[in-house]
1. How large is log10 I(q)/I(0) at q = 0.08, 0.17 Å⁻¹ when the Debye formula is applied to the Cα atoms of region 187-351, each weighted equally and without solvent?
2. Only Cα pairs under 8 Å and at least 6 apart count here; give the relative contact order of the chain as a rounded whole percent.
3. Rounded to the nearest 500, what is the 222 nm mean residue ellipticity of the chain from helices alone, with -39500 (n - 2.57) per DSSP H run of 4+ residues and division by all residues?
4. Output the relative contact order of region 137-190, whole-number percent, from Cα pairs under 8 angstrom with separation of 6+ residues.
5. How long are the semi-axes of the equivalent ellipsoid of the chain, taking √(5λ) for every eigenvalue λ of the Cα gyration tensor, in whole Å from largest down?
6. Given contacts defined as C-alpha pairs under 8 Å and at least six residues apart, what's the relative contact order of region 187-351, whole-number percent?
7. What's the angle, to the nearest 10 degrees (0 to 90), between helix 15-30's Cα axis and the longest principal axis of the chain?
8. Hey, how many Å between the Cα centroid of region 238-252 and the Cα centroid of region 93-170?
Amino acid sequence: MIKVGFIGTVSEEWMGGLNYFKNLLFAIKSLSNKELQVYVFVGKKTDIKIKEMFGRYATVIEDSLFDRKSLKWVFMKIETKIFKTNYFLESTLKKNRIEILSHSFLTRFKHIKTINWIPDFQHIHLPKMFSREEVIQRNKTFLNVIKQSDVIVVSSYDALKDLKLFAPGHEKKVKVLHFVSQPSYKYHQMNKDDEDKLVDKYSIKDSFYYIPNQFWKHKNHMIVLEAIKLLKQDNIDINLICTGYLTDYRNKDHINKIKIFIDKNNLNENIKLLGLVAYDDVFGLIKISKAVINPSLFEGWSSTVEECKSVGKNMILSDLTVHKEQYPDATFFDRHDVDYLKNILKNYKGERSSYDEKKLRERTRKFANTYVVICKEVVQTN
């Protein structure tokens, strides 16, 4: 078997990234033909819940090298910055006989192959969402990773198109890997009593739409809030529940502007901002909502969309090309046109979810098998 390593240091601010890794590891483990042996490297101080989560799907290796600001971590950073090498990390990986380091955004190894994932090229499409320094740094880092990796994976053909423009001449090493999300096991076990408990837990009064997105500015929550405001002015009450990390480190006042907008327009009875909630509750809210909305201005391949797609949940999506690639059966709206969205929300009837377990298993198997083929091709290259 091919030994593949991942570094499991993912922030809760990027739940989409954490869920991506979890779903990839789940898919690999679900294959009956075991061709990969997966290891996840974490720090000794990594949250126990993260360790347990990775431990369900892979062998977890703890090392202080992966603890931010530990002595070993500091030495590794100095080595990387001054000598442009990764001797400390490579030694740790080789001790565990790792052949491929995957999805780490690291390169420059002598004896270990690298597969790196670029989630998206948002800074090219929405440069105003980033500082000038961030744009410069992302351009430099992305280009170096693309050039130095053995394989680059992207999550959509839309992202592949961006990469070809960003780094022409390197498309031969790029693979499209559509990831597939698994629903919480409790999703299909929920009965009426469970739904009532969820309603009581979050004080839900009426039928509602749901946005389970982090509160980053590009997620475009404001267009939905503005549509609800316009409908309220027409004496039509629409209810919305939002979950997700409430901080955008690039736009630290963004959440305050949202809260001020809600207060100013008397929307506190219509809109609930719940922040981070348990993953089981996310799927519970998906299940009992009228529809899930993703109004985002940019996506590489949306975790929110993927989660809904996996359970057949009806969605209202911004008209991104990647959204249409990912979930063509959704209802789409112009992401810059509040009146367009207002009319959809006003007239939306809602549909029952159409869960297809067989289709989900097939998509999961394809996800895993595509990744296995990529790994096999990598170890065979010189």
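Derivation of every value follows stated rules applied to the coordinates shown; laboratory data play no part. As the structure is a prediction and not an experimental result, all values here were calculated from the model. Cβ sites come from the backbone with ideal geometry, for glycine too, and all protein chains shown count toward neighbours.
1. Here the Debye-derived log intensity ratios amount to -0.21, -1.06.
2. Values: 603 pairs, mean separation 62.3, N = 382.
RCO, the chain: 16 percent.
3. Working: 15 runs with 170 residues, N = 382.
Helix-only estimate at 222 nm: -13500 deg cm²/dmol.
4. Numbers: 35 pairs, mean separation 19.6, N = 54.
Rounded, it is 36 percent for region 137-190.
5. Numbers: eigenvalues 280, 107, 84 Å².
Calculated on Cα positions only, the semi-axes equal 37, 23, 20 Å.
6. Values: 243 pairs, mean separation 42.5, N = 165.
Answer for region 187-351 is 26 percent.
7. Roughly 60 degrees, rounded to the nearest 10.
8. Measuring centre to centre over Cα atoms gives 27 Å.
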